[in-house]
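Written below as structure tokens is the structure these notes are about.
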Amino acid sequence: MLKLITINQKILILLFCLVMATSGFAKAQLPINEKAYADSLNQAYLRLNNDSARARTSFLLSHYWSVKNDTEQATKYFMQGRKLAKDHPYVQAISYFFEADLYLTLDTVKSWKAIHTGNRLLSAYKIKEAYTFRSKLWYNAAIMEQDADHVKTVVNILLNKVIPLVKKSSDKSALAKYYSQTGVIFMNTGQYERAAIYYNLCIGLQQYISAKSTILLRTYVLAASNYLYLHHVAQAKKLLDKAKAILAPFPKSRSLPDYYFTEGNYYEETSRYELALQSYEKGITLSRELKQDYMLETLVMQKYSALSHLKKYPEAKALLDSMAKATEYMAISNNRLQLYNEMAKTNEHLGLMKDAYQWLRRYSALNDSLQKSKLDTDIGEMELKFRNAENKQKISELSSANEKVKLTAKNSRLASWLLGAIALFLLFALLAGYYIYSAKQKLSIQKDLNVQQELKNIHQEQQIRIAQAMMQGQEEERARVARDLHDGLGGTLAVVKMNLSGYGLKHKIGQTPDFNAIITQLDHSVNELRGIARNMMPASLLRFGLETSIKDLCESFLSDHLQIDFQFFGSSKDILIQEQIAIYRIVQELLSNTLRHARATSVLLQCSRNEDTFLITIEDNGIGFNPNVPAEKPGMGFQNIKTRVDYLNGRMEIISAENDKGTTINIEINVTV
């Protein structure tokens with residue numbers, strides 16, 4: 001009996017969920033009646049005479065064509081909207097969401113840049129719509145992380161960025177959508193109970209979801225699939241009935257094949273395979289009409305599963321024959337592997353042992369190439385069945401002829417091996433002699449090179465030790481001076497103030513203007529002394545760590561004329577304290593240079609940690625400078641930054657231009673874990 005792999009119902013459901021969830025996650029969905037939605041946008045554009053409103057309508061049309069995968073039309077409407085928004089700063093800010101959406105799958109670099117720019121610009125507006133668009137921008141970031149298979153990062157963005165922002169916007173419909181997508185992530189990672197929680201949160205907001213939206217419909221279908229994983233067929237049926245009621249007025253909806261797929265899964269789960277076949281057939285017909293090729297192939301393979309359960313093997317074989325001719329489907333190795341296996345199994349059920357044997361051989365060859373388990377035993381059993389079905393006398397004669405051929409071939413192989421061995425031995429001896437000769441010639445040269453390299457390494461190590469000693473000495477001296485200022489001079493000034501205040505009370509001069517001016521000057525002196533001590537060695541760095549100290553540093557630079565957006569990703573707990581101090585000094589110099597030279601009103605500071613790499617990016621909207629002209633470079637500040645970056649084996653990139661708006665500095669340094 002053949003040991004063939006049985007098609008796995010859960011794998012097919014998971015494949016559907018991945019297809020449906022990926023399409024839902026990658027782009028926002030259009031209303032169920034897509035054509036009416038597009039017509040209403042075109043009519044609105046023609047009716048409006050306000051540039052701001054027409055720009056917004058253009059952006060919505062760009063989004064519509066982007067979802068429809070028509071890049072040319074999407075780009076045309078986006079550029080049209082950007083042109084109309086040139087005199088409207090807020091509309092320009094929200095345009096970056098549509099730019100990120102347009103380039104989401106076309107150019108991830110442009111999309112990431114649009115996300116950061118849009119988030120920075122919109123953070124200045126404390127209105128509900130601005131929060132909505134910021135949540136959409138972060139959602140696009142989650143999409144790109146999902147494409148990179150960074151599941152933990154996706155969950156973190158959804159739970160800590162997207163959902164909190166959309167709650168501020170009070171947009172219940174958008175909140176429902178993000179709850180549903182969080183459920184998708186948990187379902188795809190096998191956490192079905194947690195997925196059910198978020199699907200139910202989405203469904204609980206159904207009163208806020210537009211009847212034209214596909215959010216609730218898709219959630220019903222996905223949640224039904226999730227319940228099938230949990231074998232809760234009754235709950236799955238209730239959700240399918242609700243999805244069916246929504247789809248009833250739209251017989252050509254692009255979401256209908258998804259529904260038929262899940263409905264068929266439900267019937268298979270309850271062993272009603274004839275009904276399952278009907279659902280799959282409806283889905284196949286509509287997918288073909290709507291040109292949903294991948295959904296079509298998935299439904300066809302699910303129909304094959306139902307036919308196999310009903311033991312309708314001729315029809316099942318015809319279905320597999322048609323799939324074998326599908327070029328795109330067969331281009332995927334796992335699809336070919338599954339089809340070869342099912343072909344062998346179906347042919348065996350039909351008694352076509354020779355065909356079954358051939359399909360099994362193809363399955364085994366492909367399986368071996370994909371480094372999967374071998375099927376030598378199965379092939380042997382299949383070969384035995386095939387031979388028993390043939391004429392015994394003919395097999396005997398063929399076997400005798402094969403033995404003679406094998407014997408002759410064996411003798412030929414032995415002679416070839418003997419001649420080959422002699423030739424290899426002579427070649428080896430020749431090569432060994434040449435190698436020994438060449439090695440002696442190169443040995444002295446290599447020794448010289450090794451000595452030179454060793455001297456070079458020693459020099460580099462000395463330079464590193466000198467730099468480390470200088471940096472350590474500077475920080476120790478800073479710490480000592482900071483302590484002396486705080487504990488010595490600071491304490492003395494505090495005592496002077498107390499004594500002077502007592503003197504004033506004693507001699508009744510404490511309320512005179514001159515005396516109060518002296519006390520105020522003393523207060524300013526004490527505060528200024530404390531500020532100097534804190535800059536020389538921030539106490540928060542040693543007590544609370546790098547992230548908190550940089551955050552305090554940013555807050556100290558804030559003013560009515562300068563806003564700083566500080567973002568920190570990752571952890572700095574296991575970085576050496578000397579390296580944390582060096583990073584702090586780099587950020588301190590960067591902010592000081594921006595304050596002194598850039599004339600900026602907005603600064604974005606990002607710090608992120610990825611294992612042994614630490615990234616610093618600072619972006620301002622100041623006047624810029626020409627980094628290629630030495631005379632225009634800032635003085636000791638940039639030199640100190642470069643020294644500390646070199647100390648940490650890092651590199652620095654400056655993006656700026658004279659009289660241009662803004663400067664960006666990227667620093668990448670290596671830290672010790």
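The values are calculated or read from the model by the stated rules, or taken from the named source; none is laboratory data. All figures in this text were calculated on a predicted structure; none of them were measured in a lab. Glycine gets a Cβ as well: all are built from the backbone with ideal geometry, and neighbour counts include every protein chain shown.
Does Gly650 satisfy being buried (at least 17 other Cβ atoms within 10 Å of the Cβ), under 25 Å from His561 (Cβ atoms) and touching a helix residue (DSSP H, G or I) at 6+ places or on another chain (Cβ under 9 Å)? So Gly650 does not fit the description; no. Taking the conditions (1) within 21 Å of Asn265 (Cα to Cα); (2) at pLDDT 90 or above in turn, Gln338 satisfies each one other than (2). The set of residues in region 63-94 being among the aliphatic types (A, V, I, L, M), assigned to a helix (DSSP H, G or I) and crowded, with 16+ Cβ neighbours inside 10 Å consists of Val67, Ala74, Leu84, Val91, Ala93, Ile94. Against the numbered list (1) more than 26 Å from the chain's Cα centre (by Cα); (2) buried (at least 17 other Cβ atoms within 10 Å of the Cβ); (3) closer than 20 Å to His116 by Cα, Phe614 comes up short only at (1).
Among the residues of region 250-261, is any outside any helix (DSSP H, G or I), surrounded by fewer than 24 Cβ atoms within 10 Å (Cβ to Cβ) and in contact with a Ser or Thr (Cβ under 7 Å, 6 or more places away or on another chain)?
yes
Selection of first residues in region 225-251 that are in contact (Cβ under 8 Å) with a residue 60 or more places away in the chain and of second residues that are among the charged types (D, E, K, R) and in a helix (DSSP H, G or I), restricted to Cβ pairs under 9 Å at least 6 apart or on distinct chains, gives the following pairs, ordered by first then second residue: Leu228/Lys10; Leu228/Glu269; Tyr229/Lys10. Within region 142-158, if we keep just the residues that are at pLDDT 90 or above and in contact with a helix residue (DSSP H, G or I) (Cβ under 7 Å, 6 or more places away or on another chain), the residue that is surrounded by the most Cβ atoms within 10 Å (Cβ to Cβ) turns out to be Leu158. Answer yes or no as to whether Ser592 is modelled with pLDDT of 85 or more, surrounded by 15 or more Cβ atoms within 10 Å (Cβ to Cβ) and hydroxyl-bearing (Ser, Thr, Tyr). In short, yes. Which members of region 45-92 meet the condition of being free of Cβ contacts under 8 Å to residues at least 24 places away in the same chain and of a type in the set (Phe, Trp, Tyr)? Matches in region 45-92: Tyr45, Trp65, Tyr77. Number of residues in region 95-136 that are touching a residue at least 40 places away in the same chain (Cβ under 8 Å), within 21 Å of Lys76 (Cα to Cα) and assigned to a helix (DSSP H, G or I) equals 6.
The condition of being modelled with pLDDT of 80 or more and farther than 20 Å from Gln578 by Cα holds for Ile655. For region 145-170, the set of residues classified as assigned to a loop (DSSP other than H, G, I, E, B) and either within 15 Å of Leu201 (Cβ to Cβ) or under 21 Å from the mean Cα position of the chain (by Cα) (or both) consists of Ala148, Asp149, His150, listed by residue number. Within the option set Leu277, Leu296, being closer than 28 Å to Ser255 by Cβ, at pLDDT 90 or above and surrounded by 19 or more Cβ atoms within 10 Å (Cβ to Cβ) holds for one residue only, Leu277.
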